[in-house]
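The values are calculated or read from the model by the stated rules, or taken from the named source; none is laboratory data. Predicted model only: the values in this text are computed from it and were never measured. Quick reminder, even Gly has a Cβ in these numbers, built from the backbone with ideal geometry, and neighbours come from all protein chains shown.
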Amino acid sequence: MKVSEVRGHLDGLLLSVVESGPLHGYAIITAVQERSNGVLELRKGTIYPALNRLERLGLLRSDWESVGERRRRCYELTDAGRRSLATERTVWQEFITAIGSVLDPTPPTPPTPPTPGHAT
């Protein structure tokens with residue numbers, strides 16, 4: 001899937017994958033790809049500016065972690081990030097309900113009530 005197709009939802013995707021605990025950039029990219037069964041492939045050029053922006057907004061915080069000779073920045077949700085993620089999820093549910101209503105306008109068939117006099 002193209003990055004342009006997820007651009008409006010990128011913040012929610014990033015906040016969601018770090019919800020369970022701190023992750024570094026490559027682990028975030030991998031988590032999004034794994035959770036989407038390989039459909040979403042984010043690139044470093046897309047993710048790092050977004051992570052920096054989310055940090056400036058106070059939705060993420062980061063810290064440097066050393067792994068052997070290498071250092072990497074790990075990101076985690078702030079309380080404001082948790083609230084923002086909850087809002088993102090609500091907005092997403094409203095969005096898919098609205099789009100689903102347009103793309104599939106057939107209302108679900110209600111269950112058939114039992115016929116009087118017959119045991120069910």
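This table checks each residue for (1) hydroxyl-bearing (Ser, Thr, Tyr); (2) crowded, with 18+ Cβ neighbours inside 10 Å.
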residue	(1), (2)
Leu13	no, yes
Gly21	no, no
Thr30	yes, no
Leu40	no, yes
Gly45	no, no
Asp63	no, no
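Can you tell me which condition Ser66 does not meet? The list is (1) modelled with pLDDT under 90; (2) touching a Pro at 6+ places or on another chain (Cβ under 9 Å); (3) among the polar types (S, T, N, Q); (4) closer than 15 Å to Pro22 by Cα, and all the others hold.
That leaves (2) as the condition not met.
Restricting the stretch 61-78 to residues that are over 16 Å from the mean Cα position of the chain (by Cα) and in contact (Cβ under 8 Å) with a residue 40 or more places away in the chain, which is farthest from Gly12 (Cα to Cα)?
The qualifying residue farthest from Gly12 (Cα to Cα) is Glu65.
Of the residues Gly81, Gly58, which is surrounded by 10 or more Cβ atoms within 10 Å (Cβ to Cβ), in a loop (DSSP other than H, G, I, E, B), touching a helix residue (DSSP H, G or I) at 6+ places or on another chain (Cβ under 7 Å) and in contact (Cβ under 8 Å) with a residue 12 or more places away in the chain?
Gly58
Give the stretch 46-55 a look and list any residue that's touching a residue at least 40 places away in the same chain (Cβ under 8 Å) and more than 14 Å from Ala80 (Cβ to Cβ), or say none.
First pass over the stretch 46-55, keeping only residues touching a residue at least 40 places away in the same chain (Cβ under 8 Å): 46, 50, 54.
Thr46, Ala50, listed by residue number.
Condition (residue is more than 12 Å from the chain's Cα centre (by Cα) and in a strand (DSSP E or B)) applied to the stretch 4-18: is it met by at least one residue? Give the steps one after another, and end with the answer.
Looking only at the stretch 4-18, we keep the residues that are more than 12 Å from the chain's Cα centre (by Cα), and these are 4-5.
From the residues that got through so far, the ones that are in a strand (DSSP E or B) too are none.
No - not one qualifying residue is present in the stretch 4-18.
Here is a yes/no grid of residues against (1) within 30 Å of Arg53 (Cα to Cα); (2) of a type outside the set (Gly, Ala, Ser); (3) at pLDDT below 80:
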position	(1), (2), (3)
Tyr75	yes, yes, no
Thr90	yes, yes, no
Ser101	no, no, no
Asp104	no, yes, no
